[in-house]
1. Per residue, how much accessible area does the chain show when a 1.4 Å probe rolls over the protein heavy atoms, in square angstrom?
2. Please report the net charge: other residues with Cβ closer than 12 Å to the Cβ of Asn195, K and R +1, D and E -1.
3. Around Val202, which amide H atoms from residues at least 5 apart in sequence, or from another chain, sit under 5 Å from its own amide H, with H modelled in the peptide plane?
4. In whole Å, largest first, what are the principal axis extents of the Cα atoms in region 107-225?
5. Which listed residue (Tyr160, Ile126, Asn146) has the Cα farthest towards the positive end of the charge dipole for the chain, taking +1 on Lys and Arg C-beta and -1 on Asp and Glu C-beta about the Cα centre?
6. Cα-based count: Lys pairs in region 96-225 below 23 Å, eight or more positions apart or different chains?
7. So what are the ³J(HN,Hα) numbers for region 105-110, from phi and the Karplus equation (6.51, -1.76, 1.60; θ = phi - 60°), rounded to whole Hz, Gly and Pro as x?
8. Quick one: 3J(HN,Hα) in Hz for region 136-143, Karplus 6.51/-1.76/1.60 with θ = phi - 60°, rounded, Gly and Pro as x.
Amino acid sequence: MADREPIPAPDGRVAALAEQARLGRWRMGAGDRKGLMGKRWGEARLHLYEEGLVVTDPGGGEWVYRWETTSVYQHLATLNGAIQDATYMLVGPDGAALSVGRGGNGSFKRELPGLGVTSHTRGPFIVYEGQWGPEIQKGVLRTQGNVALERLQRGETLTYGSVSFDRNSVSVKGKSVSWTEVAATQVLHGSLYFNNARNRGVLSCAVPKVANLYLLLALADRLKG
């Protein structure tokens, strides 16, 4: 992917939002694809920080998410293995969701409540998803990983979208298998597979239905047989 276009450091409006939410150091910014969706998103910006992000639009819209309390769903469209476009749907602790990026969500509106979404905004078509998108997933993994492990050790069940699991088993859409049956996880053609020792899928789920993919993969790597 080509180098991203330079986005200036946050202005006073964004800096104040980030300081109030304790987002830490600013890392990078990305803008809307020019000309798409008319004036509504023309000067929209995504500002990535160490501990979260801020999205703003020229009409006064403001969205702030902290990694430690955010669920993220990703939908990537690829061609010959290269990302053509992507959308990341961010869900806050109150269920308010914002989708950013040039693609679709990969989920129908009727499916969103099942993913913990109480309200949804189709946000700006921010470009260079291949640079800021993985950083969102890494931020969630970094800030939520230890807490997730502690919850598992206490015997709790964790739910990431359509996937639920505890220390003993993993479930997708009501079907459960023991972690002893899972030898590896694999993301292939837009789906997450839990494979057995013969590399056959014993469970699978569409990636857009999986919250916090990087975190889930890291936990599965610890729990698998």
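The values are calculated or read from the model by the stated rules, or taken from the named source; none is laboratory data. Because the structure is predicted, anything quoted here is derived from the model rather than measured. Cβ placement follows ideal geometry from the backbone for every residue including glycine, while neighbour counts extend to all protein chains displayed. Accessible surface is based on the protein model in full, side chains and every heavy atom, while ligands, DNA and RNA are left aside. Shrake-Rupley method; radii C 1.70, N 1.55, O 1.52, S 1.80 Å.
1. Heavy-atom accessible area per residue stands at 50 Å².
2. For residues surrounding Asn195, the net value is +2.
3. The list, which skips near neighbours in sequence, is Phe194, Asn195, Asn196.
4. 43, 28, 28
5. Highest projection toward the positive end goes to Tyr160.
6. Pairs that pass both the separation and distance tests number 9.
7. Each residue of region 105-110 in turn: 6, x, 9, 7, 4, 5 Hz.
8. Computed from phi, the couplings for region 136-143 are 5, 4, 5, x, 5, 4, 5, 8 Hz.
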